[in-house]
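Here the structure is laid out as structure tokens; the discussion comes afterwards.
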Amino acid sequence: MSRGIAYGVGVGPGDPELMTLKAIKLIKENEVIALPGKEPRETVAYKIAAAVVPELKDKELVPVYMPMIKDRELIDKEHRKAAKLIEGYLDQGKNVVYLTLGDSTIYCTFSYIQHHLEADGYESALVPGITSFCAAAARLNVPLVEWDESLHVIPAVHRLGEALDRPGNYVLMKSASQMAKVKETLRESGRDVMMVENCSMDTEKVYRSADEIPDDAGYFSLVIAKEHK
């Protein structure tokens, strides 16, 4: 019996209509669906996908614990556990479809599991989804980059204090937990600052300057900082 394949599938930023046809097809065709969280049906990824694929509720839903901690050794242990959990299904010849927010190649929890799966000799495949920063730019009705501009995607919580001094435009992800400090950096940059919180979700909020952004912004907050023209 051949082993199954582990798919990392992006479900987009929040609006179910932004899911790809390929993501929908994989969910429909496979019975084992993994989701990052202790309660699969409570995860944002599940709620997005279930709105488009009602059959999802009848699938075998596998909770994959993904702790939000910075201790690399401890989190690597959890990633190894997650990989072993998924490998159990792959050994039975079953594919596992791991649903993730946004795109499967951008700061994706599946990436860490994928490294362990491949090291153990298992096959994986990535299915892209609409990224949060592309969705946010579209919501703000602005281009991310034009002509010869560069785009810098920064995990802000890991780069606190770094000046935004490179030519081009910036996307700041993972910024909510340190938003007050991030706002200081944004003001010092002299850039045009915009942010979308919970992009394309029912609780979406849009901010058009650093001063408008609340210090207690939610986890799904994405900042775009453009060169002033």
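Does K47 satisfy being among the charged types (D, E, K, R), closer than 18 Å to V96 by Cβ and either assigned by TED's automatic domain parsing to the domain that holds T109 or part of a helix (DSSP H, G or I) (or both)? Judged against the criteria, K47 is not a match. Among what's in the range 37-57 and is at pLDDT 95 or above and within 19 Å of C108 (Cβ to Cβ), pick the residue that is surrounded by the fewest Cβ atoms within 10 Å (Cβ to Cβ). My answer is K47. Counting the residues of the range 184-207 that are within 23 Å of the chain's Cα centre (by Cα) and surrounded by fewer than 22 Cβ atoms within 10 Å (Cβ to Cβ) gives 10.
The set of residues in the range 64-88 being of a type in the set (K, R) and either in contact with a helix residue (DSSP H, G or I) (Cβ under 6 Å, 6 or more places away or on another chain) or part of a strand (DSSP E or B) (or both) consists of R80 alone. Checked against the criterion of being more than 14 Å from M173 (Cβ to Cβ), of a type in the set (S, T, Y) and either surrounded by fewer than 16 Cβ atoms within 10 Å (Cβ to Cβ) or free of Cβ contacts under 8 Å to residues at least 60 places away in the same chain (or both), the range 115-135 has no qualifying residue.
Among the residues of the range 160-182, the one identified as under 22 Å from the mean Cα position of the chain (by Cα) and charged (D, E, K, R) is K174. Screening the range 58-78 for residues that are at pLDDT 95 or above and surrounded by fewer than 20 Cβ atoms within 10 Å (Cβ to Cβ) and picking the one that is farthest from P128 (Cα to Cα) gives D58.
Among residues of the range 1-25 being crowded, with 19+ Cβ neighbours inside 10 Å and more than 17 Å from the chain's Cα centre (by Cα), the one that is farthest from L90 (Cα to Cα) is A6.
The values are calculated or read from the model by the stated rules, or taken from the named source; none is laboratory data. None of the values given here were measured: they were computed from a predicted structure. Note: ideal-geometry Cβ built from the backbone for every residue, glycine included; neighbour counts use all protein chains shown.
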